[in-house]
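Readers should treat all values here as calculations from the given coordinates under stated rules, not as data from a laboratory. Predicted model, so just to flag it, every value in this text is computed and none were measured. All Cβ positions, even for glycine, are placed from backbone atoms using ideal geometry, and neighbour counts span all protein chains on display.
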């Protein structure tokens with residue numbers, strides 16, 4: 001009888017595929033306090049101290065202002081710890097009434113505290129220029145200097161203190177309340193997909209959308225139909241929520257004298273309306289890039305024209321699953337190939353309970369990174385479905401994570417960057433991961449599949465996001481000129497702005513007209529989406545510097561991350577030799593995306609797919 005080795009069980013571990021048990025630990029956010037209430041009690045005491053400064057603050061010297069700002073720093077630390085504890089708990093299960101009540105209570109308390117001390121911002125804004133500049137030049141306020149300089153840019157948009165106080169206190173029953181309602185409606189969306197036994201299975205929206213990457217056209221078509229059907233219940237309610245927030249934004253912009261719907265976001269991003277429009281125009285002017293790719297993809301998939309649900313179809317020969325252990329190993333290795341320091345931070349996220357990964361009932365869809373506070377560490381939320389695309393999402397969110405972690409030394413006023421730079425580290429980390437994987441692949445079909453995936457990430461982040469910006473521009477304009485918009489009007493504007501980007505390369509279906517209704521950025525942060533394109537093009541340019549300079553580039557990149565938001569976007573760009581003030585900068589970034597398209601096309605030929 002011949003001895004034989006025991007068979008190896010290659011069956012995937014269901015718990016690993018679903019990342020079950022990968023959950024965060026939020027209790028350290030309380031910093032040893034017995035409860036959130038204890039944190040808020042200290043914040044209340046600080047607010048009372050600050051209110052006593054009301055009559056003397058305008059005459060305070062730089063040291064006096066520094067004392068005030070240090071106390072605000074502590075107050076914001078306390079509120080942010082309590083607020084993140086409530087928000088992250090709510091994100092785990094938006095259907096939990098207790099979590100919802102805790103978040104609502106936190107928002108109410110935060111608004112009340114903010115209203116009590118908003119006079120400080122108004123006094124600072126009212127100082128003469130020479131007085132404010134002398135205070136900033138003294139050195140006493142270095143820990144918050146860039147923040148204070150930015151605050152003065154809002155002077156022409158501030159109202160009186162009584163008006164500001166009313167708006168602050170009522171905000172929680174206004175826009176914040178509607179945004180929460182949208183989250184609950186969105187999290188309740190269910191999608192009925194076919195199951196292997198010929199029946200149906202009910203899954204969340206996130207799981208349904210993930211099926212659009214499946215290599216089988218019938219699976220994609222069924223998933224798209226199921227998503228459209230799943231969006232129908234509550235569609236009119238979500239449209240009403242959006243209408244209400246559009247109106248709220250128009251009233252706010254009118255009262256604050258902002259010239260356009262996106263001007264307040266641009267001011268927050270330290271960008272002029274003209275520079276943002278230049279970015280948008282540059283991207284719209286190269287819609288030929290996605291259209292060329294989608295025509296090429298139609299050839300690869302063997303169809304005359306793509307359906308809207310084919311846009312993200314995998315071009316891999318087969319669909320594979322990937323578990324949490326393997327996915328995190330890939331990301332660790334990728335970050336280590338660039339920087340041991342970043343790899344160490346990434347390892348802490350994975351190993352120390354800083355991530356919530358599994359898809360669970362009521363969990364907020366999508367993925368995000370929350371910086372929390374500088375004295376703590378950031379947290380990452382994922383919805384891990386066991387697909388290879390999840391690896392890129394993990395690398396992306398950990399890019400945010402390492403950025404927030406390294407920028408903690410800047411303190412609470414300067415840890416976060418403007419949104420226009422917020423995607424730089426995430427896209428860079430995703431690009432490092434994709435290129436690391438590419439260097440390990442020899443099979444032409446596998447190389448083509450990865451290059452195609454990388455290109456599609458760029459198209460989704462640059463062109464699709466700008467197309468969504470065009471949708472926002474259209475709906476904000478229409479709401480202000482036409483009044484309340486119908487579901488059909490939203491759908492037409494969505495279809496028009498998507499078709500402008502897709503051209504005749506993709507057939508936009510009637511059902512697709514409702515797909516605007518699940519996108520949270522339109523609700524929570526109007527005007528945000530163009531920052532994705534800004535960050536992607538900047539990150540690709542930064543990565544091009546790395547490819548050119550090699551390891552010598554790493555210290556500059558780490559300096560950029562550590563700087564957080566302590567300098568203007570132009571100053572931060574100069575750290576890594578990027579001139580954001582150059583009108584041709586965006587064109588150069590778009591040429592990099594075009595180069596990705598050229599590489600994917602060449603790889604398709606090498607793999608015999610064309």
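Overview of results
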{"read-out": "Ranking of 546, 154 by count of other Cβ atoms within 10 Å, fewest first", "value": "154, 546"}
{"read-out": "Crossing angle, helix 175-187 versus the chain [Cα axis fit, 0-90 degrees, rounded to tens]", "value": "20"}
{"read-out": "Over the range 275-396, relative contact order from alpha-carbon pairs under 8 Å, at least 6 apart, %", "value": "21"}
{"read-out": "Residue-span extension gain [residue 133 to residue 348] - 0.36 nm each, minus C-alpha spacing", "value": "73.3 nm"}
{"read-out": "Förster radius 25 Å - calculated FRET efficiency between residue 20 and residue 195 (Cβ-Cβ, nearest 0.05)", "value": "0.80"}
{"read-out": "Cα-derived Rg over Rh, computed across the range 477-610 with Rh taken as Kirkwood radius", "value": "1.07"}
{"read-out": "Surface/4 estimate of mean projected area, convex hull on alpha-carbon atoms of the range 22-115, nm²", "value": "7.1"}
{"read-out": "Cα shape, the range 431-493, gyration tensor, a/c 1.5 rule", "value": "prolate"}
{"read-out": "Shape category assigned to the range 259-408 from the gyration tensor of Cα positions, a/c cut at 1.5", "value": "oblate"}
{"read-out": "Residue 551 paired with residue 232, simple spin-label distance in nm, labels 7 Å along Cα-to-beta-carbon", "value": "6.1"}
{"read-out": "Where N is the number of residues in the range 51-183, Cα Rg divided by 2.2 N^0.38 Å", "value": "1.22"}
{"read-out": "Rounded tilt (10° steps) of 530-549 against the dominant C-alpha axis of the chain", "value": "70"}
{"read-out": "Cα-based Rg and Dmax for the chain, where Dmax is the largest Cα-Cα distance (Å)", "value": "24.8, 97"}
{"read-out": "Relative exposure of 515, 324, judged by other C-beta atoms within 10 Å (fewest first)", "value": "515, 324"}
{"read-out": "C-alpha center-to-center spacing [the range 427-442, the range 36-72] in angstrom", "value": "48"}
{"read-out": "Cα-based convex hull volume of the range 363-417 per residue, rounded to whole Å³", "value": "78"}
{"read-out": "Dimensionless Rg/Rh of the range 534-610 - Kirkwood Rh, Rg from C-alpha atoms", "value": "1.09"}
{"read-out": "The chain: antiparallel DSSP beta bridges as a percent of all, rounded to 5", "value": "65"}
{"read-out": "Computed E for residue 152/residue 341 - FRET, C-beta separation, R0 51 angstrom, nearest 0.05", "value": "0.90"}
{"read-out": "Alpha-carbon Rg with Dmax, taken over the range 185-225, Å", "value": "10.1, 30"}
{"read-out": "Whole-number percent relative contact order across the chain, with pairs defined as alpha carbons under 8 Å at least 6 apart", "value": "18"}
{"read-out": "Nearest-ten-degree value, helix 554-563 long axis tilted from longest Cα axis of the chain", "value": "40"}
{"read-out": "Alpha-carbon gyration tensor eigenvalues x 5, square-rooted, for the range 365-490, Å", "value": "30, 25, 13"}
{"read-out": "Stokes-Einstein translational diffusion, the range 187-268 - Kirkwood Rh over all Cα pairs, 0.890 mPa s, 25 °C, in µm²/s", "value": "159"}
{"read-out": "Cα gyration tensor, the range 271-358 - rounded (a/c under 1.5), prolate or oblate", "value": "oblate"}
{"read-out": "Fewest-first sequence of 495, 458, 160, 138 by Cβ atoms within 10 Å of each Cβ", "value": "160, 138, 495, 458"}
